[in-house]
Amino acid sequence: MGLEQFRLLYERAVYAGDAEALTGAERELDALEAATALARGQVLHRRFLHERARPDATPVEDPAELPLFERALALFRAAGDVRGEAEALFWIGCLHQVVRRDNETAVPLLERAARTDDPSTRSEALRHLGTAAFAAGRLDEAREHLKESSRLRRASGELPGVAANLVGLAYVAAAQDRRADAVAALDEAHEIAQGHDAHAVLHDIAEARAAL
């Protein structure tokens, strides 16, 4: 699939006069464009987060980020790619939540993304829904979202992601006056993060210990 498949189909259109092959070549290009737009948007999102982590930083939203995610969404939807559509919806919701700090807009998008059968996108959407629930003071809901996200991540072997979720669960536990559970969650998160060189998560764990 991808560029190699496009070239094969294009050659068939050129040398065999196959008009259907040309249509197939266009579909391959749309799929490539959708994947590339999504990836470029993710890079811009990560740059925003890196900038935000710097001391005294004042990060600014890159105006290209949302159009990239929206272009990916439109292409995935036109192609009938349900998995890709859910992933694009997640990233649009993530932008509204993380960059624009607008949970009201983000939550419906994240809820739609969480309905996917793709465990990776579902786990990401549930994590961010947990964050939104925590911010709104719905602690039981936040806990359930983060626990389910962690279950999916454990099943897929995404252990650094589990460690990140455990930090969130520690904050929830502390807010519910479950101090021992909060400490245990951070201890487990530290063990996982240290074993996977997840330095950004280790930084979050240190911040959580200081705060809690």
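The values are calculated or read from the model by the stated rules, or taken from the named source; none is laboratory data. No experiment lies behind these values; they were computed from the predicted model shown. Ideal geometry is used to build each Cβ from the backbone, glycine not excepted, and the neighbour counts take in all protein chains shown. Note: accessible area is taken over every heavy atom of the protein model, side chains too, but ligands, DNA and RNA are not part of it. Shrake-Rupley method; radii C 1.70, N 1.55, O 1.52, S 1.80 Å.
Quick notes
- Pro55 under 28 Å from Leu32 (Cα atoms) and surrounded by fewer than 16 Cβ atoms within 10 Å (Cβ to Cβ): no
- Qualifying residue in the range 73-89 (condition: in contact with a Ser or Thr (Cβ under 6 Å, 6 or more places away or on another chain) and not β-branched (Val, Ile, Thr)): yes
- Count of the range 100-140 residues, restricted to those that are open to solvent by less than 20 Å² (accessible area, probe 1.4 Å) and in a helix (DSSP H, G or I), is 11.
- Close pairs (6 angstrom Cβ cut-off, 6 or more residues apart or separate chains): at negative phi and of a type in the set (Phe, Trp, Tyr) in the range 63-85, modelled with pLDDT of 95 or more and buried (at least 16 other Cβ atoms within 10 Å of the Cβ) anywhere: Phe69/Gly41; Phe69/Ala88; Phe69/Trp91; Phe69/Ile92; Phe76/Ala34; Phe76/Gly84; Phe76/Glu85; Phe76/Ala88
- Scan of the range 159-176 for residues that are open to solvent by 10 Å² or more (accessible area, probe 1.4 Å) and either at pLDDT below 95 or under 15 Å from Glu141 (Cβ atoms) (or both), ordered by number: Gly168, Leu169, Tyr171, Ala175, Gln176
- A count restricted to the range 30-47 and to residues that are among the hydrophobic types (A, V, I, L, M, F, W, C), under 14 Å from the mean Cα position of the chain (by Cα) and surrounded by 16 or more Cβ atoms within 10 Å (Cβ to Cβ) stands at 2.
- Within the range 58-97, considering residues that are open to solvent by 60 Å² or more (accessible area, probe 1.4 Å) and hydrophobic (A, V, I, L, M, F, W, C), the one nearest to Asp204 (Cα to Cα): Val60
- Leading residue by the ranking (farthest from Leu75 (Cα to Cα)) among those in the range 6-17 that are of a type outside the set (A, V, I, L, M, F, W, C) and buried (at least 16 other Cβ atoms within 10 Å of the Cβ): Arg12
- Whichever residue in the range 18-29 is of a type in the set (A, V, I, L, M, F, W, C) and at pLDDT below 80 and, among such residues, is surrounded by the fewest Cβ atoms within 10 Å (Cβ to Cβ): Ala19
- Within the range 7-29, residues that are polar (S, T, N, Q) reach partners that are in a helix (DSSP H, G or I) with beta carbons closer than 9 Å, at six or more positions or on different chains, in the pairs Thr23/Leu9; Thr23/Ala13.
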